[in-house]
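J.: Dropping the structure in here first, questions after.
The values are calculated or read from the model by the stated rules, or taken from the named source; none is laboratory data. The model shown is predicted, which means the values in this text are computed figures rather than measured ones. We place every Cβ from the backbone using ideal geometry, glycine too, and count neighbours over all the protein chains shown.
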Amino acid sequence: MKRVAIALTFDESGYIGKPFWPETNTIINISKDVHPKLGDAKKQAALQAACEKRSLTLAEYDAIVERSKNPFYTVDGRGSEIVIPQRIYQSFLNGTCQQVPKVIPKIEEKGLTFIGVKVDGGFLRTGKTETDAKLFGRFVKNEESNQRMWTEDKYIVGFSATGILSVDEEIIKVDDLKKLTEYGGWKFGIGTARPQGYGRFRVTRWEVLGS
């Protein structure tokens, strides 16, 4: 295994995390038991019944709702340092491999990425917290109708995501991984809202530390 210190620099293009938390899935499932047309009193009673069915108190439900609002992956809960998890970087590599031109080296088998490229500690650090974030707002199409809805996401910009990679060169050479990361950072980006230009980065450090 080769170890590589990296820095991915996001200049004008910000990074949007927008995680889908397990808590979000719980909220969606509970909401299916609470009809939106119910009055306030009946809605509250239906919510309590839905929570009790799942062995949750209303206080625990409120805590789940609060946790689901965290707009970024973080080191230790909302308000702590924002990170880019290992699996997000690995998914970025897989996505890039599906679209790169032949002159760019790639990992041929999708599953090999997850054993061939790992991030020490499980994430890249950004040095940013939610207090540094800005808002990106736009209209999006409602999946159930043609109605457009205004939505906002938080993003961070002007930072470098840093960390150390462990690379199995039987799967991809370190120099080839750099080319793949550089191309993907320029062409596709990482995170959410990439069609709007978010998530693009430059590789500003790629230092081989040894085996």
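J.: Going by the structure shown, is residue 96 in contact with a Leu (Cβ under 9 Å, 6 or more places away or on another chain), closer than 28 Å to residue 74 by Cβ, of a type in the set (S, T, N, Q) and modelled with pLDDT of 95 or more?
T.: Yes; evaluated as a whole, the condition is true for this residue.
J.: Cβ-Cβ under 7 Å, sequence separation 6+ or interchain: first residue in the range 1-16 and on the phi < 0 side of the Ramachandran plot, partner assigned to a strand (DSSP E or B) and of a type in the set (Asp, Glu). Which pairs?
T.: 4/207; 5/207; 16/153
J.: Tell me the residue from 118, 154 that is in the same structural domain as residue 79 (by TED's automatic domain parsing) and either within 30 Å of residue 2 (Cβ to Cβ) or surrounded by fewer than 16 Cβ atoms within 10 Å (Cβ to Cβ) (or both), please.
T.: Unique residue meeting the criteria: 118.
J.: Which one of these is farther than 25 Å from residue 81 by Cα, of a type outside the set (Gly, Ala, Ser) and surrounded by fewer than 19 Cβ atoms within 10 Å (Cβ to Cβ): 176, 132?
T.: 176 is the lone residue from the list that is farther than 25 Å from residue 81 by Cα, of a type outside the set (Gly, Ala, Ser) and surrounded by fewer than 19 Cβ atoms within 10 Å (Cβ to Cβ).
J.: In addition: Return yes when residue 70 is of a type in the set (S, T, N, Q), part of a helix (DSSP H, G or I) and in contact (Cβ under 8 Å) with a residue 12 or more places away in the chain and no when it is not.
T.: So residue 70 fails the test.
J.: Going by the conditions given, is residue 110 at pLDDT below 95 and either surrounded by 10 or more Cβ atoms within 10 Å (Cβ to Cβ) or within 16 Å of the chain's Cα centre (by Cα) (or both)?
T.: Yes.
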